[in-house]
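As structure tokens, the structure follows; a few thoughts come after it.
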Amino acid sequence: MSLYQIHKRELFVTSDKYVAAAFLSFLALMGAGCALWSVFPKDSSAVAVVNDCEISVDAFHERTRNIHRAKSMAPSEGVPPEIDIEGIVREMINDRLIIQEAYRVSLDEDPLFADRINRHITNSSVARLRKEEVIDKIMAGDKEIREYFDTHYEEIRVRQIFSKDRKKAEDALMLLKDGEAFSEVAKSKSEWQGKGGGDLGFIKRGKMEDAFDEAAFALKKGETSDIVQTSTGFHIIKMEERRPASDEMFEARKKKIRKKLLREKEKKRSDDYVADLKTKADIRIDTELLYSLDAAGETDDTDAVVARVNGAPISVGEVIQETGQKSSHGRRSQCKRQQESKEVNQEAIDRLMLYLLVQQEAKKKNYMDDALFAEAVRKYKDSLLLSFYKEKIVLPRAIPTEEELSRYYETHKDNFRKDHEVCFSKMLFSSLDTAEEALRELNKGADFEFLASEKAFGSPGRRANVWVPLGRLSPEIREGIKDLAVGGISNVICEESKYSIIKLKGKRGGEPEEFARVSDVVKQVVVKENFDKWLQEYLNELRKVSAIHINKRLLNELAASPE
């Protein structure tokens, strides 16, 4: 059966227009064949050509970089395997064949596909706008970082006189002005003594409340503040010593400070930019409709327009989706529910208007006119088409019937067996000699449990049988008991610096699981196998009717000097 026939009979292409387009495209390609290792011009930078569409060496390098990146993130053992250049080119050819076929059967006209592309362009445009209007317009220089560090990482040693009563604090301040020592007044008047005489030790900015910090760090050495009020009471502060942070600490904190400053500047720049957009925008809100969407209510018209931003509508349905729910339940009063709902709806409409404003501004930039931006969108479109083709065309054929699942299970029962479990007693020994001596006594008929209590250490006492999956045991123990019959005793098993002897008390498992218990797993396996089979069949058909040329010279050069 040809690929065209499969499409026509069962899959995505159903209209006469799509069938005709697919049929004509196949006729045009029939007989083109596949010319592997064809001759290319010496200056060609294409690793392959698929139906007149080049696969560039840059695209090849990008693919290999992605493979290297994925391999570097995965745990590896030993020397990493070499990159299979021919295999990569083969995969890229397969991808290009599928993408071309997806265009031929008009998958790019699927409404869901078009929506995904439009959303990608919008999101990418917003990201580009953010970079241009926010990220590129902020910076944190070394001087600014140093100033922040000197201000926020220096320490000062302070004393305080504290009282929850302002009158008492005023009395203490009068004594200080009359010349009494700070430490003596603190001892007699302060409600907090600390280490003695109100000593707080060294503090950094941020340890105390803002009002305390502002007053304390403004003092010079030996100076005393007026009364400072915080949420806990009233303070009189004396600054006794200032200790700058070290250069070593600056080098260690510099990167963290830069990130903090950039985050703060980014937020301010972003808020200012959005505020400016709002002042220039024509924003209209139907507050009566917005606030009527109370927490206990329902609406019959989710398409009703609740707001407009420069003429673009925001619907009731969008507000409901943004709030995350249509209604809330509980024993709160109706008045309280309505107030909460008004606040939630207002926050939702504010966010939606913000999204729309920024999207509109990004759209004005016409980023698709930029070659690099358009190329990135094209790559995303190809990637999405590849996924759509597999989802819409290949996957439906891979879904098995119940009969197919049952048949697969019956012929592959060994793949769906229960885990083996064992129950055993264990002796532990600190030396090999002691373990071997115990094994000799066991071989002469000694009782295992009695001997364990006499000679072993760390062995559990008598208890109810516990079944342990084999997979949870160490490789040494699994190897040591694999041939034991129930009631058998193992040889001495070495695990790191300890030695053990095991008596196998029970063994179970290994029988096939019932089909009903593993049907979902069976389906996953069968779908995967069917999918791979049908995908390969599609590719085989596409290769038969496609013109494929591979640049052997360039591939040999790439193999000789990989990037």
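Bear in mind these aren't lab numbers, they're just calculated from the coordinates by the rules spelled out. What you see is a predicted model, and the numbers here were worked out from it, not measured in a lab. Neighbour counts run over all protein chains shown; Cβ positions are idealised from the backbone, glycine included.
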>> Rounded, prolate or oblate for region 82-186? Axes are the square roots of the Cα gyration tensor eigenvalues, ordered a ≥ b ≥ c, and the cut-off for rounded is a/c under 1.5.
In response: prolate
> If you count, for each residue, the other Cβ atoms within 10 Å and average over each peptide, how do 208-219, 429-440 line up from highest to lowest?
Replying inline: 208-219, 429-440
> Within a Cβ distance under 13 Å of Arg478, other residues only, what is the Lys/Arg minus Asp/Glu net charge?
Replying inline: -3
> What is region 347-402 by shape, rounded, prolate or oblate, if you read a ≥ b ≥ c off the alpha carbon gyration tensor as root eigenvalues and call it rounded for a/c under 1.5, prolate for a/b larger than b/c, and oblate otherwise?
Replying inline: oblate
> About its Cα centre, what dipole magnitude does the chain give when the only charges are +1 on Lys and Arg Cβ and -1 on Asp and Glu Cβ, stated in debye to the nearest 20?
Replying inline: 760
>> Explain nothing, just the number: relative contact order of the chain, from Cα pairs under 8 Å at least 6 residues apart, as a whole percent.
In response: 21
> With +1 on each Lys and Arg Cβ and -1 on each Asp and Glu Cβ, how big is the dipole of region 121-223 about its Cα centre, in debye rounded to the nearest 20?
Replying inline: 200
> Summing +1 for each Lys or Arg and -1 for each Asp or Glu, what net charge is found among the other residues whose Cβ lies under 11 Å from the Cβ of Phe162?
Replying inline: +2
>> Report, in listed order, any pair from Lys131/Lys379; Lys220/Lys259; Lys207/Lys254; Lys204/Lys254; Lys143/Lys364 with a Cα-Cα distance greater than 26 Å.
In response: Lys220/Lys259; Lys143/Lys364
>> Once you keep just the Cα pairs under 8 angstrom separated by 6 or more residues, what percentage relative contact order results for region 418-508?
In response: 47
> Applying 1/(1 + (r/R0)^6) with R0 = 22 Å to the Cβ-Cβ distance of Asn123 and Asp276, what FRET efficiency is obtained, to the nearest 0.05?
Replying inline: 0.50
> What FRET efficiency comes out for the pair Glu340/Glu154, r = Cβ-Cβ distance, R0 = 56 Å, nearest 0.05?
Replying inline: 0.80
> Once both labels are modelled 7 Å past Cα along the beta-carbon direction, what's the Ser72-Glu437 spacing in nm?
Replying inline: 5.7
> What does the convex hull of the alpha-carbon atoms of region 448-562 project to on average, in nm²?
Replying inline: 15.9
>> As I understand it, the dipole of the chain uses +1 on the Cβ of Lys and Arg and -1 on the Cβ of Asp and Glu, about the Cα centre. Which of Asn491, Asn123, Leu542 lies farthest toward its positive end?
In response: Asn491
>> Restricting to Cα atoms and excluding each atom paired with itself, what does the Kirkwood estimate give for region 361-476 in Å?
In response: 22.0
>> Can you tell me, using C-alpha contacts under 8 Å and at least 6 residues apart, the relative contact order of region 155-243 as a whole percent?
In response: 42
>> Charges at C-beta only: +1 for Lys and Arg, -1 for Asp and Glu. How large is the resulting dipole of region 418-508 about its Cα centre, in Debye rounded to 20?
In response: 480
> Where a ≥ b ≥ c are the square roots of the eigenvalues of the C-alpha gyration tensor, would you call the chain rounded, which needs a/c under 1.5, or, failing that, prolate if a/b is larger than b/c, or oblate?
Replying inline: oblate
> Which one of Ser292, Val309, Ser383 has its Cα pushed farthest toward the positive end of the charge dipole of the chain, where Lys and Arg give +1 and Asp and Glu give -1 at the Cβ?
Replying inline: Ser292
>> Could you give the length gained by full extension between Lys220 and Cys423, i.e. 0.36 nm per residue of separation minus their alpha carbon distance, to one decimal place?
In response: 65.6 nm
> Where both partners of a DSSP beta bridge lie in the chain, what percent of those bridges are antiparallel, to the nearest 5?
Replying inline: 95
> Just going by the charge dipole of the chain, with Lys and Arg at +1 and Asp and Glu at -1 on Cβ, which of Ser430, Gly141, Met92 is farthest out on the positive end?
Replying inline: Ser430
> So what is the calculated 222 nm ellipticity per residue for the chain, using -39500 (n - 2.57) for each DSSP H run with n of 4 or more, over all residues, to the nearest 500 deg cm²/dmol?
Replying inline: -17500 deg cm²/dmol
> Which of the DSSP-defined H helices in the chain satisfy a minimum axial length of 30 Å, computed from C-alpha atoms, and a minimum mean Kyte-Doolittle hydropathy of -1.0?
Replying inline: 111-133, 515-544
